[in-house]
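The values are calculated or read from the model by the stated rules, or taken from the named source; none is laboratory data. None of the values given here were measured: they were computed from a predicted structure. When we count neighbours, we look across all protein chains shown, and the Cβ atoms used for this are built from the backbone with ideal geometry, even at glycine. The area values use the complete protein model at the heavy-atom level, side chains included, leaving out ligands, DNA and RNA. Shrake-Rupley method; radii C 1.70, N 1.55, O 1.52, S 1.80 Å.
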Amino acid sequence: MSAYHQTVLLRETVDALSVKDGGTYVDCTAGGGGHTAEILRRMRGGRVIAIDRDPDAIAYLSERFRDEPRVTLVHDEYRHIASILSSLAVPPVDGVVADLGISGKHVDDPERGFSYHTDAPLDMRMSKEGVSAAELVNSLSEQELAHIIFAYGEEKYARSIARNIVIYRKKQPITRTLELVDIIKRSMPQKAMQHAHPAKRTFQALRIAVNGELDSLQESVNQMFQSLAVGGSLAIITFHSLEDKIVKGCFTEFCRGCICPPDFPVCVCHRTPRGKLKFRSVTPSAEELEENNRARSARLRAVEKLK
């Protein structure tokens, strides 16, 4: 089978899970199955529950693991991990991994509308269901668009881009990726386009909005941690500061002990840490970046459950 997606931080992520023979693991964003396959390679027996919201990914995984009885495929979103494991009657698991980045397949398939380099329908739906990016840019108010582009893309020219989107769509609907790219370029000064593609931040913002990527991330991370057995590990890869801030905040809370005021002579809250960090964070090596430039913004965090 041809490669579906080049997995980022593969060795480091699976190392963080401390895979053991006979264990049960959950791959929350299975994609092309890179993490799932590496977990299987490192253990005898055991089981991997591989979850993905993209029907194309599920079709690919069904073929890749058709002769692997240790894999259970689930077409769903990771925010439903608690109900998924409950429906499968799976007890607390030994490890959970989530790669929050966009799949290489999404970018490489122009018809999915994620790429700002090729002309395609302005779609960006990971699940192929729900509201598309085109529907958002053609229906939201200028203020709503500016908020999304600034909040999710951290784009300083968000107001100008939103204003020009509204002006353009009065003439005709915006339905193609390169139409939007052209509008973005005309909304920014030349100096702002020297170091990165001008559409990068706006496309990121629309993708996050279309797929609700940040809407329930904190609750999802909490569910992932709660799904662990004592001694189990949760490893999460992030690709931008917005999601990394949420993951880091959750991990900090898991590892927080006493919350009594500092002037209390003795602890009265009796709170102890529920987890401990396996390391602060890991980023791709120079060797990996040379092989896969898309890994440059990846950051791995991992925590072990104590109780």
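Some notes on this structure:
- Considering only 270, 282, 252, and ranking their Cα positions along the charge dipole of the stretch 245-288 that arises from unit charges at the beta-carbon of Lys, Arg, Asp and Glu, the one farthest toward the positive end is 270.
- For the chain: accessible area per residue (Å², 1.4 Å): 49 Å²
- Helix axis angle, 158-169 relative to the chain longest principal axis, alpha carbon, degrees: 50 degrees
- Label selected from (i) 15; (ii) 24; (iii) 39, the criterion being percent of Cα pairs over 36 Å apart as computed here: (ii)
- Farthest toward positive dipole pole in the stretch 4-75 [+1 Lys/Arg, -1 Asp/Glu at C-beta], among 23, 6, 72: 23
- Computed over every Cα-Cα pair of the stretch 163-307 and binned at 10 Å starting from 0, the pair-distance distribution P(r) comes out as 9, 26, 26, 19, 13, 6, 1 percent.
- Dipole in debye (nearest 20) - the stretch 85-134, about Cα centre, beta carbon charges: Lys, Arg +1; Asp, Glu -1: 120 debye
- Computed in the context of the full set of protein chains, the accessible area of the stretch 107-176 at 1.4 Å probe radius has 50% of its extent on carbon or sulfur.
- Simple Cβ-charge dipole of the stretch 74-162, Lys/Arg +1 and Asp/Glu -1, about Cα centre, in debye nearest 20: 120 debye
- Under 12 Å, Cβ to Cβ, from residue 283 - net charge with Lys/Arg +1 and Asp/Glu -1: +1
- The angle separating the long axis of helix 142-153 from the principal Cα axis of greatest extent in the chain is about 40 degrees.
- Only protein heavy atoms count here; under a 1.4 Å probe, residue 60 has an accessible surface of about 40 Å².
- Put simply, the convex hull of the Cα atoms in the stretch 113-234 casts, on average, a shadow of 9.1 nm².
- Applying the criteria of a DSSP loop state and at most 10 other Cβ atoms within 10 Å to the trypsin sites (Lys or Arg not before Pro) of the stretch 142-242 yields 170, 171.
- Only helices enter the 222 nm calculation for the chain: every DSSP H run of n ≥ 4 contributes -39,500 (n - 2.57), and dividing by all residues gives -11000 deg cm²/dmol, rounded to 500.
- Ordering 241, 106, 168 by the projection of their Cα atoms onto the charge dipole of the chain, which places +1 on the Cβ of Lys and Arg and -1 on the Cβ of Asp and Glu, puts 241 at the extreme positive end.
- If you take the Cα centroid of the stretch 247-307 and the Cα centroid of the stretch 159-205, the two points sit 37 Å apart.
- Taking Lys and Arg as +1 and Asp and Glu as -1, the other residues whose beta-carbon sits under 12 Å from that of residue 256 total +2.
- GluC sites (Glu not before Pro) restricted to the stretch 101-143 and DSSP loop, no more than 12 other C-beta within 10 Å: 129
- DSSP-defined beta bridges in the stretch 1-91 - what % are antiparallel, rounded to 5: 0 percent
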